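Peer 1: Quick one: structure below, then a few questions.
The values are calculated or read from the model by the stated rules, or taken from the named source; none is laboratory data. Because the structure is a prediction, the values reported are computed rather than measured. Because the Cβ atoms are built from the backbone with ideal geometry, glycine has one as well, and the counts that use them run over all protein chains shown. Surface areas here come from the heavy atoms of the whole protein model, side chains and all, with no ligands, DNA or RNA. Shrake-Rupley method; radii C 1.70, N 1.55, O 1.52, S 1.80 Å.
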Amino acid sequence: MRVGVLALQGAFREHIMTLEALDVTAVAVRKPEQLGDLNGLIIPGGESTAIAKLMETYGFYEPIAQQHGAGMAVWGTCAGAILVARTILDALPDQRSLELMDIAVRRNAFGRQVDSFEADLDFAHLEDGPFRGIFIRAPWVEEVGDGVEGLARHDGVAVAVRERDLMATAFHPELTGDPRVHRYFIEHVVGA
């Protein structure tokens, strides 16, 4: 199994290390041509507008959409969740998403950098207790379409969702040292 991590900006190294610890072939994706033989793609956290501009500059929008249409699973974490959403609430005027997942995401919904926090989450389908979510200028999922499954909530709002071969998390699983959410993505989202 080959899973790419979009390596333009943000926390891509941590995702790669977590995937490798799970014996998954991890690919740092820096060019659209690298998408062709991937089973899954993780779009990491970072700064959503910076990642979007780099995706535009390097021509990633259409190739990601095409590869997803051909069966590549996609997971967006934090900024990546914003980028996979059909709708970005409070988007900057020129901010663009991939429009893959039937969700509306609110940017920086939990506050600014100084409002970052950690919280235990009851993440559906994970064994061995709660998952410690790390929220850094995190979005939340404000609206979901009919086919979207809620996986975790914090303070009454969705912070992890799945739609068939798409997943979005508002928090940073790659920063925890706990591989369970990555394993869930590999086994249940990519594996689907």
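Peer 1: Give me the strands (runs of 3 or more DSSP E) completely within region 92-192, filtered to those with at least 3 residues that are over 24 Å from A26 (Cα atoms), open to solvent by 30 Å² or more (accessible area, probe 1.4 Å) and not hydroxyl-bearing (S, T, Y), ordered by residue number.
Peer 2: In region 92-192, 117-121, 140-144, 149-154 are the strands (runs of 3 or more DSSP E) which contain 3 or more residues that are over 24 Å from A26 (Cα atoms), open to solvent by 30 Å² or more (accessible area, probe 1.4 Å) and not hydroxyl-bearing (S, T, Y).
Residue by residue, here is whether (1) in a loop (DSSP other than H, G, I, E, B); (2) touching a helix residue (DSSP H, G or I) at 6+ places or on another chain (Cβ under 9 Å) holds:
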{"position": "V5", "(1), (2)": "no, yes"}
{"position": "G10", "(1), (2)": "yes, yes"}
{"position": "A28", "(1), (2)": "no, yes"}
{"position": "Q34", "(1), (2)": "no, no"}
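Peer 1: What are the residue pairs meeting all of these: first residue in region 171-192, first residue without any contact (Cβ under 8 Å) to a residue 24 or more places away in the chain, second residue surrounded by fewer than 22 Cβ atoms within 10 Å (Cβ to Cβ), Cβ atoms under 9 Å, and 6 or more apart or on different chains?
Peer 2: Close Cβ pairs (under 9 Å, with a partner that is surrounded by fewer than 22 Cβ atoms within 10 Å (Cβ to Cβ)) amount to G191/M1; G191/N39.
Peer 1: Being among the charged types (D, E, K, R) and at positive phi is the requirement here; does D90 meet it?
Peer 2: So D90 passes the test.
Peer 1: Same structure again: Among residues belonging to region 28-53 that are buried (at least 20 other Cβ atoms within 10 Å of the Cβ) and of a type in the set (V, I, T), point out the one that is farthest from A138 (Cα to Cα).
Peer 2: V29
Peer 1: Sticking with this one: In this structure, is L22 closer than 15 Å to F185 by Cα and open to solvent by less than 10 Å² (accessible area, probe 1.4 Å)?
Peer 2: No: the conditions fail for L22.
Peer 1: Restricting the search to region 36-78, which residues are part of a loop (DSSP other than H, G, I, E, B), over 30 Å from G111 (Cβ atoms) and among the acidic types (D, E)?
Peer 2: Passing the criteria: only D37.
Residue-wise test of (1) in contact with a Leu (Cβ under 8 Å, 6 or more places away or on another chain); (2) modelled with pLDDT of 95 or more.
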| site | (1), (2) |
| --- | --- |
| D122 | no, yes |
| R153 | yes, yes |
| R180 | yes, yes |
| G191 | no, no |
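Peer 1: Please specify each residue of region 71-83 satisfying the condition of being surrounded by 15 or more Cβ atoms within 10 Å (Cβ to Cβ) and over 13 Å from the mean Cα position of the chain (by Cα).
Peer 2: M72 - this is the single residue of region 71-83 that is surrounded by 15 or more Cβ atoms within 10 Å (Cβ to Cβ) and over 13 Å from the mean Cα position of the chain (by Cα).
Peer 1: Evaluate the following for R86: is it open to solvent by 40 Å² or more (accessible area, probe 1.4 Å) and touching a Ser or Thr at 6+ places or on another chain (Cβ under 6 Å)?
Peer 2: No: the conditions fail for R86.
Peer 1: Here are some conditions: (1) more than 30 Å from D90 (Cβ to Cβ); (2) surrounded by fewer than 21 Cβ atoms within 10 Å (Cβ to Cβ). G59 meets all but one. Which one does it not meet?
Peer 2: Here G59 clears every test but (1).
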